[in-house]
Amino acid sequence: MKLSLPENQKLRFLRWFDFRSWRVGMLAYILNRVTAIGLVVYLYLHLVVLSILTGGPTQWDPFVALARSPFFLALDVILLAGILIHGLNGVRVTLTGVGVGVGAQKTLFAALMLVGAVLLLAGAWKIFMG
Amino acid sequence: MALNVTLRMFRYRPDQSARYDMFKVTVPDAANVLDAIEQAWAQHDRALMFRHACHHASCGTCAVRVNGREVLPCIVPVKKYLDGDKPLTIEPLKNFSLVGDLVVDVANFFQKQAASGLVITRPTENKLEGKPIAYDQGLDPASVETVPFNRFENCIECGICLSACPTMAASVKFFGPASLAALERELDKTTDPQRRARLLELADDEQGVWRCHSAWECTETCPQNVRPAEAIMALRRRIFAQRFGFGK
Amino acid sequence: MQNPKRSTLGWFWQAVTGALLLLLLGVHFIAHHFIAAGGLRDFNQVIAYLGNPIIIALELAFLVAVTIHAMLGARSILFDLGLSAQWERRVTRGLTVVGVITVLYGIWLIYAILGANSAVAFWAR
Ligand code: SF4
């Protein structure tokens, strides 16, 4: 199939940020994408940081002491938020994709995000207090 | 009673940079947004480019964005948007090439619609309550099968769902919600295995159903209740059923 | 069963690894942030933790699942930018290579960490 393509193709995706058109689905789409990129960046940071472990306790233990500081713990909470948003939204995408909850996707999204908020609060409490 | 309303109209020509023009118009109380656009054209600027035909949501020609949301201006009342003397912002659909002002180039979209097989007219749907429709003007009922009647489809090919779709915003190669819905509709109609295989092949593509990221904006915005997102999910189940032998 | 196309499989594996990750990432996050005293393990705790072969299997499964999921996701986001067919092929190949390197790095990492604490002692047990 041959298609005639419009010419003004550059930076089309910037239109995602035309917030006037944001509805629940658009919000879910943007959240999923932003958290996805954040989590991939974190994954590689994490893998690089873990290489400190190969230096044995003299290198790792001072790092752990740093990572236990409130600032790093707060970053952990942000990480957890990203995981929950992305994971629970993934549940919605997968369920509707295989035909479950089709037609109730907005309710599904709201319910899952509510679960996420509860888990986030519980997790944050555990991270700081546990 | 009459309504005084200001339209903040998107203006564009290929050789000029885009701008917004303010048009103050007076329309009857019951006017729809399209009436206001026509008034702007009639009273202020005959060079204003916009498209319309039927005035009653059956041609799908006039779709634009009003205050950022895709609508058929022929069926939404001006009153719905009136908020003090705030102007109504009228812009063309997103995700299409601009031709001028409110007019966008729908060729790419229509090519996809044609590829999906859901053409404007076709020789089916020629029965009403089980009886062949013969418009009696000397029409031989036996030939009814080959006479193209207007199709009875929901989709009016307005392009609103394409404008609202975030995946379409990213890539014009995406087959798009309306055309995928058309594929699903065609699959429901045909039992010819070869044709079914060809239609499924179109849907089962990187730029087909798998490009969709489930934002469901198409179903949200479609003025005709076509539910393209549901159709995409149904197509996925068909493909799974065919490829893996389970599901629907 | 007909051969599923790559496009189908991309979505399929994204969903499967996604479901696995709910489980494996749950285990990973809880093990490292909620169970470990003080929020994170010091070196000796890490070694003790990795002393359990089931843990190593789980962490490796996690690594493989998360890498596949991340690569398919990155591919999808890049494809959304409307690439040419040629660039789509390049992206697919490039991300496959990155994914394989990532998993190999992870395996090496576990080996090297244990090695830092004498791999010999570990394997001899
Ligand atoms: S599916 Fe709905 S929104 Fe999309 S083109 Fe058809 S009528 Fe318009």
| remark: The strands (runs of 3 or more DSSP E) lying wholly within segment B:78-184 that contain at least 1 residues that are within 15 Å of the ligand (Cβ to nearest atom), under 30 Å from B:Val5 (Cα atoms) and at pLDDT 85 or above are B:103-105
| task | Determine, yes or no, whether A:Thr58 is over 19 Å from C:Gly73 (Cβ atoms), out of contact with any Asp or Glu (no Cβ under 8 Å at 6 or more places or on another chain), hydroxyl-bearing (Ser, Thr, Tyr) and more than 7 Å from every other protein chain (Cβ to nearest Cβ). | result | yes
| segment A:68-99, subset within 14 Å of chain B (Cβ to nearest Cβ) and hydrophobic (A, V, I, L, M, F, W, C), residue farthest from the chain's Cα centre (by Cα) | A:Val98
| (1) polar (S, T, N, Q); (2) within 15 Å of the ligand (Cβ to nearest atom); (3) surrounded by fewer than 21 Cβ atoms within 10 Å (Cβ to Cβ); (4) within 14 Å of another protein chain (Cβ to nearest Cβ): which one isn't true of B:Asn67, the others all being true? | (2)
| field | Pairs where the first residue, in segment B:214-228, is without any contact (Cβ under 8 Å) to a residue 60 or more places away in the chain and within 12 Å of another protein chain (Cβ to nearest Cβ) and the second is in a loop (DSSP other than H, G, I, E, B) and surrounded by fewer than 23 Cβ atoms within 10 Å (Cβ to Cβ), C-beta under 6 Å, 6+ apart | value | B:Thr219/B:Arg227; B:Glu220/A:Arg23
| B:Glu38 is checked against (1) outside any strand (DSSP E or B); (2) loosely packed, with under 13 Cβ neighbours inside 10 Å; (3) free of Cβ contacts under 8 Å to residues at least 60 places away in the same chain; (4) more than 16 Å from the ligand (Cβ to nearest atom) and fails just one. What number does that condition carry? | (2)
| task | Could you tell me whether segment B:229-240 includes any residue that is farther than 20 Å from C:Leu9 by Cβ, within 16 Å of the ligand (Cβ to nearest atom), under 19 Å from the mean Cα position of the chain (by Cα) and of a type outside the set (D, E, K, R)? | result | yes
| said: Looking at B:Ala40, B:Ala53, can you tell me which residue is away from every other protein chain (no Cβ under 13 Å), in contact with a Ser or Thr (Cβ under 8 Å, 6 or more places away or on another chain) and not charged (D, E, K, R)? | reply: B:Ala53
| request: Could you check how many residues of segment B:53-65 are under 21 Å from B:Thr26 (Cα atoms) and in contact with a Leu (Cβ under 6 Å, 6 or more places away or on another chain)? | output: 2
| field | Among the residues listed as B:Asp35, B:Asp21, the single one being under 17 Å from B:Gly100 (Cβ atoms) and among the acidic types (Asp, Glu) | value | B:Asp21
| request: Could you tell me whether B:Ser171 is on the phi > 0 side of the Ramachandran plot and of a type outside the set (Phe, Trp, Tyr)? | output: no
| task | Could you look through segment B:161-213, keep only residues that are of a type in the set (Lys, Arg) and more than 9 Å from chain C (Cβ to nearest Cβ), and pick out the one that is surrounded by the most Cβ atoms within 10 Å (Cβ to Cβ)? | result | B:Arg185
| said: I need the full set of residues from segment B:219-234 which are among the hydrophobic types (A, V, I, L, M, F, W, C) and under 17 Å from A:Gly101 (Cβ atoms), in order please. | reply: B:Ala229, B:Ala231, B:Ile232, B:Met233, B:Ala234
| request: Considering each of A:Leu50, A:Leu43, A:Leu119 in turn, give the residue that is under 19 Å from the mean Cα position of the chain (by Cα) and facing chain C (nearest Cβ under 9 Å). | output: A:Leu43
| request: Mind listing whichever residues of segment B:1-52 are in contact with a Phe, Trp or Tyr (Cβ under 9 Å, 6 or more places away or on another chain) and of a type in the set (Val, Ile, Thr)? | output: B:Val5, B:Thr6, B:Val33, B:Ile37
| Given (1) more than 9 Å from chain C (Cβ to nearest Cβ); (2) loosely packed, with under 14 Cβ neighbours inside 10 Å, index of the condition A:Gly38 fails | (2)
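The values are calculated or read from the model by the stated rules, or taken from the named source; none is laboratory data. Fair warning: this is a prediction, and the values are worked out from it, not measured in the lab. All Cβ positions, even for glycine, are placed from backbone atoms using ideal geometry, and neighbour counts span all protein chains on display.
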